[in-house]
């Protein structure tokens, strides 16, 4: 299987499973797909992921609860096979100093860089809607967190959404945190619907074991977490990367390690709530039904031992 590597925090269970030899233990040959270090994900995630699956570049990936609904509504080639919740999933909005932006209410009409059609996009919209008229919330595509942070450094953006540990790094770089989302997100695990059931079962068993190991002793994985964090800046200019690595050294002992809970079925209540909200805001490309998009049998086999 080829699995998308979205680094931390989203792909950390896959990374732990690989480092701990859990895939090998279950006789799985898992390789990671990642974009080039100087490339960025496009804004149209639905078409992009659909093409990656269609041409055989990708078999499985993890994605926020909203993104799973959107992509599967269109492609109909994959299924949501499991879900997990995190220990501390929140996006913060950071701005350049001196703009007079102090709270979320000051962000009206200010373009906020997010990764379109992913958690940063939907979390920002749903949370800012609580303090601003929806029509005054502006988002622009800034791709992955390291790309958004670079855009802030280059003064391409005035405001960006970031997740930990990118948030802590941005503060060290002198940017100002003005808001934090309160949305509790679900991470969905998606796989091609033609992968053999026993292969999916073994893959999910590896992720579930990795979740238990990570939750039992997060500190044991701090070095791996920090190493994975550093990797995402490999496309930065040398001078910037040197500066950022020094700041990562400074915050490495204290940055929170996002852990993920044991795998569960994708909650139907969450699915219905999110799909209703997305439909209301014209964010879905087609109608969706839980029963057509969720495949629970592999996880049931894992849970039954």
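The values are calculated or read from the model by the stated rules, or taken from the named source; none is laboratory data. Computed from a predicted structure; not experimentally measured. Cβ sites come from the backbone with ideal geometry, for glycine too, and all protein chains shown count toward neighbours.
Side notes on the structure shown:
- Against the test of being over 30 Å from residue 78 (Cα atoms) and within 21 Å of the chain's Cα centre (by Cα), the options 153, 169 yield a single qualifying residue, 169.
- With respect to being in contact with a strand residue (DSSP E or B) (Cβ under 7 Å, 6 or more places away or on another chain), at pLDDT 90 or above and not assigned by TED's automatic domain parsing to the domain that holds residue 212, residue 102 fits the description.
- Single condition residue 172 does not satisfy, out of (1) surrounded by fewer than 16 Cβ atoms within 10 Å (Cβ to Cβ); (2) within 23 Å of residue 13 (Cβ to Cβ); (3) modelled with pLDDT of 95 or more: (2)
- Residues satisfying the stated conditions in region 1-50, i.e. touching a strand residue (DSSP E or B) at 6+ places or on another chain (Cβ under 8 Å), under 24 Å from residue 223 (Cβ atoms) and surrounded by 18 or more Cβ atoms within 10 Å (Cβ to Cβ): 3, 4, 5, 6, 9, 10, 11, 12, 13, 14, 18, 30
- Filter result for the condition that a residue is touching a helix residue (DSSP H, G or I) at 6+ places or on another chain (Cβ under 8 Å) and over 26 Å from residue 256 (Cα atoms), over 84, 62, 31, 50: 50
- Residues of region 237-264 classified as surrounded by 15 or more Cβ atoms within 10 Å (Cβ to Cβ) and part of a loop (DSSP other than H, G, I, E, B), total: 8
- Members of region 116-152 that are buried (at least 19 other Cβ atoms within 10 Å of the Cβ), touching a residue at least 60 places away in the same chain (Cβ under 8 Å) and over 18 Å from residue 67 (Cβ atoms): 146, 150
So that you can scan it fast, the table gives a plain yes or no per residue for (1) at pLDDT 90 or above; (2) farther than 22 Å from residue 117 by Cα; (3) part of a loop (DSSP other than H, G, I, E, B):
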| residue | (1), (2), (3) |
| --- | --- |
| 266 | yes, no, yes |
| 276 | yes, no, no |
| 279 | yes, no, no |
| 284 | no, no, yes |
| 288 | no, no, yes |
| 302 | yes, yes, no |
| 305 | no, yes, yes |
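- Meets criteria (in contact with a strand residue (DSSP E or B) (Cβ under 6 Å, 6 or more places away or on another chain) and in the same structural domain as residue 25 (by TED's automatic domain parsing)) for residue 270: yes
- Region 153-162, residues that are surrounded by fewer than 23 Cβ atoms within 10 Å (Cβ to Cβ) and in contact (Cβ under 8 Å) with a residue 60 or more places away in the chain: 153, 158
- Identity of the residue in region 72-89, under 20 Å from residue 120 (Cα atoms) and out of contact with any strand residue (DSSP E or B) (no Cβ under 7 Å at 6 or more places or on another chain), that ends up surrounded by the fewest Cβ atoms within 10 Å (Cβ to Cβ): 88
- Odd one out for residue 113, checked against (1) touching a strand residue (DSSP E or B) at 6+ places or on another chain (Cβ under 7 Å); (2) in the same structural domain as residue 157 (by TED's automatic domain parsing); (3) farther than 20 Å from residue 8 by Cβ; (4) buried (at least 16 other Cβ atoms within 10 Å of the Cβ): (3)
- Selected residue (criterion: surrounded by the most Cβ atoms within 10 Å (Cβ to Cβ)) from residues of region 90-99 that are in a loop (DSSP other than H, G, I, E, B) and in contact with a strand residue (DSSP E or B) (Cβ under 6 Å, 6 or more places away or on another chain): 90
- Residues satisfying the stated conditions in region 185-220, i.e. farther than 17 Å from residue 22 by Cα and touching a strand residue (DSSP E or B) at 6+ places or on another chain (Cβ under 6 Å): 185, 186, 187, 188, 189, 190, 191, 192, 193
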